[in-house]
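The values are calculated or read from the model by the stated rules, or taken from the named source; none is laboratory data. Source: prediction; values computed, not measured. Cβ coordinates were reconstructed from backbone atoms using ideal geometry, including for glycine residues, and neighbour counts include every protein chain displayed. Heads up: the accessible areas ignore ligands, DNA and RNA and are worked out on the full protein's heavy atoms, side chains in. Shrake-Rupley method; radii C 1.70, N 1.55, O 1.52, S 1.80 Å.
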Amino acid sequence: MPLSEGAIKCPIFQTSTFVFRTAEEGKAHFELAYGLRDPNPGEEMGLIYSRLNNPDLEVLEERLTLWDGAEACASFDSGMSAISTTLFEFLRPGDVLLHSNPLYGGTMHLISGILTQFGIEALGFNAEMEENDLVALIERSGKKDRLAMIFLETPGNPTNCLTDLTAMRRIADLFSTPEKRIIVAVDNTYLGPVFQHPLQFGADLVLYSATKYIGGHSDVIAGACLGSAALIHRVKTLRTFLGTMAGPWTAWLLLRSLETLKLRMEQQTENAWVIARYLAQHPKVERVHYLGLLDESDGRRYEIYKRQCLSPGAMVAFEVKGGEKEAFVFLNHLHIPKLAVSLGSTESLAQHPATMTHAGIPPQERASMGITPNLVRLSIGIENVEDLIWDIGQALDAVEEVNAHAAPRPALIMDLL
Ligand SMILES: *Cc1c(COP(=O)(O)O)cnc(C)c1O
């Protein structure tokens with residue numbers, strides 16, 4: 001980068017505006033920014049003002065495209081600003097947004113509490129619904145002609161439920177017309193960008209809370225949207241006018257995080273595997289929700305997992321025997337995983353979905369999503385896995401036996417590694 005005096009790392013361009021060398025250059029930059037003419041061969045849009053573009057953002061966006069094999073990327077100052085800017089760009093009053101359930105709480109509120117105020121209707125479906133049933137649901141709704149976007153989150157938070165992306169593309173195509181292509185957008189925060197690439201399965205847009213794995217250190221809030229150059233051009237245009245772009249310091253932090261992204265996600269996954277297997281054989285655990293534990297007996301879910309996920313990732317949910325009381329005893333006795341929401345960071349985190357991240361969902365709906373009072377969600381970090389197992393073991397020891405029978409001792413760590 002000639003601008004940076006040979007620095008091995010991209011400097012932070014903490015500047016709001018950029019100097020034009022001549023008035024003619026300034027004119028040329030604005031011609032491209034406003035799309036007043038096509039670029040000459042080799043001509044790129046020059047730097048104008050940091051709400052439109054900034055070197056740190058551009059370097060970050062180019063690097064992020066590599067993981068998903070996307071043509072272009074727009075970076076944002078939060079996952080929610082990436083999601084809200086994208087939804088506002090592609091939805092208009094009267095449109096219907098079809099979405100999987102459950103969704104991230106902020107996204108759900110945006111859809112049902114805010115988009116509805118702009119005349120955009122939502123139609124939700126259970127994330128694991130069969131393709132034929134979903135087609136029937138759309139037909140029956142009487143809204144198929146207004147369908148504009150399918151918004152998905154897979155694996156679903158917190159239970160790791162899976163949605164078949166290829167089937168969702170088929171459904172989008174089924175209801176698209178030559179004039180209107182129904183856009184498939186996937187929030188890939190849980191497994192991406194390393195372990196799942198939705199664009200390969202027919203998605204048009206991939207969204208991230210870069211606060212999670214991409215940032216990876218619980219020290220920055222950021223987001224991203226990726227897809228074709230044409231769609232991202234639209235997203236970036238609205239981003240310019242909403243002002244939801246990432247700042248240079250945020251982009252710089254993410255550039256640093258990207259260098260260890262794969263190492264972190266691989267180590268986190270390795271730890272999660274060991275912990276999931278430990279939990280699965282623990283007498284005080286009723287059920288473990290972890291993609292790595294799926295096998296042929298799980299049928300369609302296993303088939304989707306094998307086809308579209310490259311790894312089970314590092315999010316583990318499990319049900320403690322008992323109810324909320326037992327789950328709270330477990331959480332209150334943890335020392336190493338911290339009791340906090342968010343996920344994907346180097347440190348392990350634990351939380352209680354029914355009363356925390358998913359507290360806003362009506363109890364009956366929550367139960368139908370498998371978010372039970374005894375469910376605990378763990379985001380596994382990069383700590384020494386033996387320390388984590390020790391800590392989880394002692395916190396489970398603190399949970400009172402729900403049925404009075406003496407439990408066999410859990411396996412030793414040596415058997416699990
Ligand atoms: C955290 C999260 C978001 C929101 O991202 P922010 O960076 O907090 O704005 C969206 N989707 C998923 C799946 C998330 O986990």
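Based on the mean of other Cβ atoms within 10 Å per residue, sort peptides 310-320, 382-392 so the most packed one is first. Present the calculation step by step, with values, prior to reporting the outcome.
Working: 310-320: 23.6, 382-392: 18.3.
In decreasing order of mean packing, 310-320, 382-392 become 310-320, 382-392.
Ordered by residue, what ³J(HN,Hα) values in Hz, to whole numbers, does segment 125-136 give under the Karplus form 6.51 cos²θ - 1.76 cosθ + 1.60, where θ = phi - 60° and Gly and Pro are x?
With the stated coefficients, segment 125-136 comes to 9, 4, 3, 9, 4, 5, 3, 4, 5, 5, 4, 4 Hz.
What do you get for GluC sites (Glu not before Pro) in segment 20-87 restricted to DSSP loop and a cutoff of at most 16 other Cβ within 10 Å of the site's Cβ? List each step's numbers first, then the result.
Working: sites: GLU24, GLU25, GLU31, GLU43, GLU44, GLU58, GLU61, GLU62, GLU71; in loops: GLU43, GLU44, GLU71.
Those that pass, being in a loop and sparsely packed, are GLU43, GLU44, GLU71.
Can you list the GluC sites (Glu not before Pro) in segment 176-284 that are in a DSSP coil and have 13 or fewer other beta carbons within 10 angstrom?
Taking segment 176-284 and a limit of 13 other Cβ atoms within 10 Å, the loop GluC sites (Glu not before Pro) found are GLU179, GLU259.
With a sphere of radius 15 Å drawn around the Cβ of ALA172, what net charge do the other residues whose Cβ falls strictly inside it have (Lys, Arg +1; Asp, Glu -1)?
-1
At 7 Å along the Cα-to-beta-carbon direction for both ILE12 and SER141, put a label point, then send me their distance in nm to one decimal.
About 4.4 nm separates the two model spin labels.
Starting from the Cα of LYS180, draw a straight line to each of the aspartates and glutamates and keep only those under 15 Å, dropping any in the same chain fewer than 8 residues away.
Within the straight-line limit of under 15 Å, LYS180 reaches these aspartates and glutamates: GLU89, ASP95, ASP145, ASP204.
Lys and Arg at +1, Asp and Glu at -1: add these up for the other residues within a Cβ distance under 10 Å of ILE382 and post the number.
With Lys, Arg at +1 and Asp, Glu at -1, the net is -3.
Relative to the present Cα-Cα distance, how much length would full extension add between GLU365 and GLU25 at 0.36 nm per residue of separation? Intermediate results must be reported in sequence, preceding the final value.
On the way: separation 340, 0.36 × 340 = 122.40 nm, distance 5.76 nm.
Taking 0.36 nm per residue and subtracting the Cα distance, the gain is 116.6 nm.
Mind giving me the FRET efficiency for GLN281 and ALA33? R0 is 41 Å, r the Cβ-Cβ distance, nearest 0.05 is fine. Walk me through the intermediate numbers first.
On the way: r = 60 Å, r/R0 = 1.45.
Using R0 = 41 Å, I get an efficiency of 0.10.
May I ask which residue of THR154, GLN351, LEU97 lies farthest towards the positive end of the charge dipole of the chain, with charges of +1 (Lys, Arg) and -1 (Asp, Glu) on Cβ and the Cα centre as origin?
Selected residue: LEU97.
Give, in whole angstrom and from largest to smallest, the semi-axes √(5λ) of the equivalent ellipsoid of segment 245-387, with λ running over the eigenvalues of the Cα gyration tensor.
26, 20, 17
In whole Å, what are the Cα extents of the chain along the three principal axes, biggest one first?
Principal-axis extents of the chain (Cα, largest first): 83, 57, 35 Å.
Given 0.36 nm per residue, what is the gain on full extension from GLU400 to LEU339 after removing their alpha carbon distance, in nm?
Extending this stretch completely gives an extra 19.9 nm.
Regarding segment 210-255, what is the average projected area of its C-alpha convex hull, in nm²?
Working: hull surface 13.8 nm².
Projected over every direction and averaged, the Cα hull of segment 210-255 covers 3.4 nm².
Enumerate the lysines that LYS321 could reach by cross-link, defined here as Cα to Cα under 20 Å, with residues fewer than 8 away along the same chain left out.
LYS284
For the pairs LYS262/LYS325; LYS9/LYS212; LYS212/LYS306, flag any whose C-alpha to C-alpha distance is greater than 28 Å. The partial results should precede the final answer.
Numbers: LYS262/LYS325 37 Å; LYS9/LYS212 23 Å; LYS212/LYS306 24 Å.
From the list (LYS262/LYS325; LYS9/LYS212; LYS212/LYS306), the Cα-Cα distance tops 28 Å for LYS262/LYS325.
Where both partners of a DSSP beta bridge lie in segment 10-258, what percent of those bridges are antiparallel, to the nearest 5?
Roughly 40 percent of the DSSP beta bridges within segment 10-258 come out antiparallel.
Give the percent of DSSP beta bridges with both residues in the chain that are antiparallel, rounded to the nearest 5.
55
Would you kindly find the accessible area of LEU66, with a 1.4 Å probe and non-protein molecules such as ligands, DNA and RNA excluded, rounding to the nearest 10 Å²?
Solvent-accessible area, nearest 10 Å²: 130 Å².
Please compute the net charge surrounding THR116, taking Lys and Arg as +1 and Asp and Glu as -1 over other residues with Cβ under 15 Å from its Cβ.
Taking every other residue near THR116 into account, the sum is +1.
For ARG181 and GLU270, calculate 0.36 nm times their separation in residues minus their Cα-Cα distance, and state this gained length in nm to one decimal. Show your work: numbers first, answer last.
Values: separation 89, 0.36 × 89 = 32.04 nm, distance 3.99 nm.
Answer, rounded to one decimal: 28.1 nm.
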